[in-house]
Amino acid sequence: MPEFNSGIEKIKARMKEENILAIDLATTYGIKPSDMSDILNGKDTSPRAAKVIVKIIRDLTIR
């Protein structure tokens, strides 16, 4: 499994810039808030979590 810490940090930075809450992302992506929290905190490193991270990066056009 690739390392996604830099992607997660970029997502968190964008969330801060745009005042996006983790619960907003959870609702948008149909994920339980606790699962989104685990993904954003790097506790969930499953393939599903990786797909969510990539989708958020694409949707928010993070480079």
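The values are calculated or read from the model by the stated rules, or taken from the named source; none is laboratory data. All figures in this text were calculated on a predicted structure; none of them were measured in a lab. As a convention, Cβ positions derive from the backbone with ideal geometry for all residues, glycine included, and neighbour counts pool all protein chains shown.
Below is a table of values for the structure above.
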item: Enumeration of residues in the stretch 13-27 that are in a helix (DSSP H, G or I), free of Cβ contacts under 8 Å to residues at least 40 places away in the same chain and over 19 Å from S46 (Cβ atoms); result: A13, M15, K16, E17, I23, D24, T27
item: Pairs where the first residue, in the stretch 34-49, is at positive phi and the second is of a type in the set (A, V, I, L, M, F, W, C), C-beta under 7 Å, 6+ apart; result: G42/I8
item: Failed item, numbered, when R48 is tested on (1) part of a helix (DSSP H, G or I); (2) at pLDDT 95 or above; (3) surrounded by 15 or more Cβ atoms within 10 Å (Cβ to Cβ); result: (3)
item: Looking only at the stretch 27-43, and only at residues there that are buried (at least 17 other Cβ atoms within 10 Å of the Cβ) and over 9 Å from the mean Cα position of the chain (by Cα), the one that is nearest to D59 (Cα to Cα); result: I31
